[in-house]
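Presented below is the structure to which this report refers.
The values are calculated or read from the model by the stated rules, or taken from the named source; none is laboratory data. The structure presented is a predicted model; accordingly, all values stated were derived computationally and were not measured. Note: areas computed on protein heavy atoms with side chains; ligands, DNA, RNA excluded. Shrake-Rupley method; radii C 1.70, N 1.55, O 1.52, S 1.80 Å.
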Amino acid sequence: MPSFSFASAAEIRFGRGLAAEAAKHIAAFGHRVLLVHGADPARARWLRDSLPHVICIACTGEPDLSALDAALAKARAAEPEVVVALGGGAVIDMAKALAALIPAPGAILDHLEVVGQGLPLTVAPLPMVALPTTAGTGAEVTRNAVIGVPEARRKVSLRDLAMLPRLALVDPALTDGCPWGVTLASGLDALTQVIEPYLCTRANPMTDALCRAAIPMALPALMRLDKAEDPDARDAMAYVSLSGGLALANAGLGAVHGLAGVIGGETGAPHGAICGALLAPVLTALSDAAAAGSPLQARLEEVAAWLAPPLGVSPDAAFTALANWAHGAGLAGLGGLGVAVEARDRIARQAQVSSSMRASPVTFDSDALAAILEAAHSPR
C-alpha cells in the first residue's frame, strides 16, 4: 500500500438541521465575528441575528483581486476573532482568504500562486467556520481559495495547509430550493470532483474510498432534482460535494479543472458550468489515450459503469450520454459560456502549466487540449 497523508477541516459536522447549532459553535472561537455571505443579505439574517457582535461582508460573485483587497481593508478595521462563511464556493473562498490575510503582514500578491510569489503564510489564519449553501465545490474542507486576477485573465489560488477551516458545518437543508441552474452546475462540479481525484496520479486508498462511494450517488440524485425538489437528493449531493472537497484536497484533480481555471479567468463564466461542459469531453479524451489493460483504463471503465445505469445506456456510451443529459437539462456548452473559438489555442497553452494539470493521468499537449475545447464548445 502506498504511503499518503490526509488533511481536512479540524471538525466536520454533517446533517440536516445542524445549522441551528451554528451560533453555539462559532462562539467557541470568538465573539467578534466577520460574516461573509452572498449577494442577498436577507438569506444570512437568521445567522447574523444570532451572533452578538458581527460585521458583514457581501461576496456578490466569484472573488477577484480588487474585491478581496476592498474586503480585506474592511475586515482588518473590524478586528474580528473568527471568520464565518455562509454561502457557496465563492463565498467560502473569500472567507478563507480573509481569514488567512487579516493577520498576515504582507501583501495579497505575496501569497498568490502564478501571478504572485506564492509564499507560505507566516502567521496563523484566524479561525474560520464554513456553512455551504450549495453542493458543488467542497470548499469547506479544502486548503485554498480561488481568486480571479482580471488583469492576467487568470484564476489562481491562495493556498496553505493552515487555511483549512476549523469547522465545516454541512447542513443539506441550506441547499433546499436552490435554483435548478445553480443546482445543475454545482452538482456537475461535485461529480467532477469525485471523478478526477479517482483517476489522478495522486489517488490514495482514503480518497479512493470516498470517490467509490460518492460517484454512483451523484448522478441519480441530480437527476431526481431535475424533476422535483427532493430532500434525500439534496442530502446525497451535499455528501458528494463534501467527499469531492476531501478527495481533491488530498489527491488532486486533472484536465477538467486545469482548463476550467483558465476559462474562468478568460470569461468570468461560473466555474461549475465550465466543469460540467468539460467533463464528458475530458473523460472521452482520457479513454482514447489510456493504454489497453492499464490501471487508468480499468478506472475509466469503473466510472462509466457507475454513470451508465441512471442514464439508461451501456457503459461504452456513458460519457456521451452524460453530456447529452446535462445539455438537455439546461447546461450550456463552452461557446454559450463565452469561450471564443480563436481563444482555444491560448487557453490550451495556459492550461498546460496550471496546478490542476500536475495530477492528470494523461499529459495532454496543447493540440489535445484544444480538441477537448472544441468537443465541449456546443451541445450536440
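Things to note:
- Solvent-accessible ranking of Ile55, Ile108, largest area first, probe 1.4 Å: Ile55, Ile108
- Counting only heavy atoms of the protein chains and using a 1.4 Å probe, His53 has close to 110 Å² of accessible surface.
- Accessible-area order (highest first, 1.4 angstrom probe) of the listed residues Thr192, Thr363, Thr137: Thr363, Thr137, Thr192
- Computed 3J(HN,Hα) for the stretch 169-175, one whole-Hz value per residue from the Karplus formula 6.51 cos²θ - 1.76 cosθ + 1.60 where θ = phi - 60°, is 9, 9, 10, x, 4, 5, 9, glycine and proline marked x.
- Computed over the chain, the per-residue total of -39500 (n - 2.57) for DSSP H runs of n ≥ 4 gives a 222 nm mean residue ellipticity of -15000 deg cm²/dmol, rounded to 500.
- Note on Asp110: accessible area approximately 40 square angstrom, rounded to 10, probe 1.4 Å, nucleic acids and ligands left out.
- Hz values of 3J(HN,Hα) by residue in the stretch 154-161 - Karplus curve (6.51, -1.76, 1.60), Gly and Pro given as x: 9, 10, 10, 10, 9, 9, 6, 4
- Sulfur and carbon atoms: percent of accessible area, the chain [1.4 Å]: 55
- Cα gyration tensor category, rounded, prolate or oblate, for the stretch 233-377 with a/c compared to 1.5: rounded
- Only protein heavy atoms count here; on that basis, with a 1.4 Å probe, Lys74 has an accessible area of about 100 Å².
- Long-range HN-HN contacts of Arg154 with modeled amide H, under 5 Å: Val149
- Note that the chain presents 39 Å² accessible area per residue, ligands and nucleic acids not counted, probe 1.4 Å.
- Rel. contact order, % - alpha carbon contacts under 8 angstrom, at least six apart, the stretch 54-105: 44
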